[in-house]
Amino acid sequence: MNTIDPKWSITDDALSLILHAQSGLIKAGYAANQDAILMQVGKLGGEMASALVRRETAVLRLISTVEAYANAASEFFFFSQGLPAPKMPFTWPARIRHYANEHSIDLEACDSWKQVKAGIDLRNCLAHGLGNLTDLLTADQALGSQMKHIDVNIGGNRMHTTNATVPKLSQGCRQFVLWLEEQLVSQI
């Protein structure tokens, strides 16, 4: 994707993973007007729409890809400069501080940060609350308005994805990866 250094293929890899996460919905027969197909979940009962499962899986993959890319891009930057990379952060607040301190890059200044941030909150809800709002998310007064950036509704102590969620999040993730690459390459 870039003309600076072919070693920055980590960007191409991240973009391929983002595309693959979104295309998984399409290959599985996902369509905006498709009726949900129900499947039995576990021996204790309950049903979950398979389209919902595919959307939630795509969200997990998209945000994981962006996290891995942000870490790998920073490490590669230091490697390309012949410098030892500092310890990589584990959380998004730490990652934001890392980029500000080590690269003078404000991740929240990216135009697509709103979609990525909403995706992070949705991923946290799915990963740490199994779809239910965590205490930390419940305390966030702006959560409802933030989630509108990726068409997620909040109700009944849960986040509810829509057919537009994954495409909007995928677009935001692609833009974020390309923006971050541009910021780092401009410093080389």
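Observations on the model:
- Residues satisfying the stated conditions in the stretch 114-131, i.e. farther than 12 Å from M147 by Cα and either in a loop (DSSP other than H, G, I, E, B) or touching a residue at least 40 places away in the same chain (Cβ under 8 Å) (or both): L126, A127, L130, G131
- Complete set of residues in the stretch 12-21 that are modelled with pLDDT under 90 and surrounded by 20 or more Cβ atoms within 10 Å (Cβ to Cβ): A21
- Residue count for the stretch 155-169, restricted to those that are buried (at least 17 other Cβ atoms within 10 Å of the Cβ) and not in a helix (DSSP H, G or I): 2.
- Comparison of K168, K148 shows that the only residue that is out of contact with any helix residue (DSSP H, G or I) (no Cβ under 7 Å at 6 or more places or on another chain) and either farther than 30 Å from Q81 by Cα or at pLDDT below 95 (or both) is K148.
- Test result for L184, in a helix (DSSP H, G or I), farther than 23 Å from D13 by Cα and not aromatic (F, W, Y): no
- Test: residue in the stretch 135-142 that is at pLDDT below 95 and in contact with a Cys (Cβ under 7 Å, 6 or more places away or on another chain): yes
- The residues on offer are G172, G144, and the sole one that is crowded, with 19+ Cβ neighbours inside 10 Å, assigned to a helix (DSSP H, G or I) and of a type outside the set (K, R) is G172.
The values are calculated or read from the model by the stated rules, or taken from the named source; none is laboratory data. Please read these numbers as outputs of a predicted model, since none were measured by experiment. FYI the Cβ positions are ideal-geometry reconstructions off the backbone, even for glycines, and counts take in every protein chain you see.
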